[in-house]
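Written below as structure tokens is the structure these notes are about.
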Amino acid sequence: MTWQDDDGGKLESKLSEIVAAVIVAGEREFRENLRKDEERLEKERIEREAREAEERAERERQRLARIAELNQMRIDALLESGKLMRQAAELRALIPQVREALSSHADVDSQSLGEWEAWARAEADKLDPVLSGQILQHLRAPTLDQE
């Protein structure tokens, strides 16, 4: 708005009108700035909440992926236990078969055969997942706090 001397009077006579118009314009500007600030803050809040939700979703995805990985490792260890258990059982089954087969061989003395049996049993025990402790890799369900 602009004011000047005119037929309605001199500028000095319009001071109260001018002051009122300036106050109204200032109040309007003040309220507009408040509204813009509220809109900006609301937009920032919405963006922050969306970012936090995305971060939570990503953490959950990573957690689930890690649990799946740990479960697969547990399955792999279980399969390995089965393989080792079979190998240990095969060695244990082999010992009496070898004893039987060599019992008629005069060139194999009982002390050598006994030492071999002890060694073969020890090797079977090393393979045995229960005796070796390998079974502990899959005995309990995995948890993320075990890492």
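Results, tabulated for the structure shown:
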quantity: Matching residues in segment 102-119 - criterion: being surrounded by 13 or more Cβ atoms within 10 Å (Cβ to Cβ) and not in a helix (DSSP H, G or I); calculated: 108
quantity: One residue from 76, 125, 145 being surrounded by fewer than 11 Cβ atoms within 10 Å (Cβ to Cβ) and either of a type outside the set (Gly, Ala, Ser) or within 31 Å of the chain's Cα centre (by Cα) (or both); calculated: 145
quantity: Enumeration of residues in segment 66-108 that are under 22 Å from residue 144 (Cβ atoms) and either among the hydroxyl-bearing types (Ser, Thr, Tyr) or in contact (Cβ under 8 Å) with a residue 40 or more places away in the chain (or both); calculated: 66, 67, 70, 71, 73, 74, 75, 77, 78
quantity: Number of the exception - residue 77 against (1) closer than 21 Å to residue 120 by Cβ; (2) in contact with a helix residue (DSSP H, G or I) (Cβ under 7 Å, 6 or more places away or on another chain); (3) not basic (Lys, Arg); calculated: (1)
quantity: Given (1) surrounded by 13 or more Cβ atoms within 10 Å (Cβ to Cβ); (2) under 30 Å from residue 140 (Cβ atoms); (3) modelled with pLDDT under 95, number of the condition residue 99 does not satisfy; calculated: (2)
quantity: Segment 102-142, subset polar (S, T, N, Q) and touching a Leu at 6+ places or on another chain (Cβ under 8 Å), residue modelled with the lowest pLDDT; calculated: 134
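The values are calculated or read from the model by the stated rules, or taken from the named source; none is laboratory data. Bear in mind the structure is a predicted one, so any value in this text is a computation, not a measurement. Cβ coordinates were reconstructed from backbone atoms using ideal geometry, including for glycine residues, and neighbour counts include every protein chain displayed.
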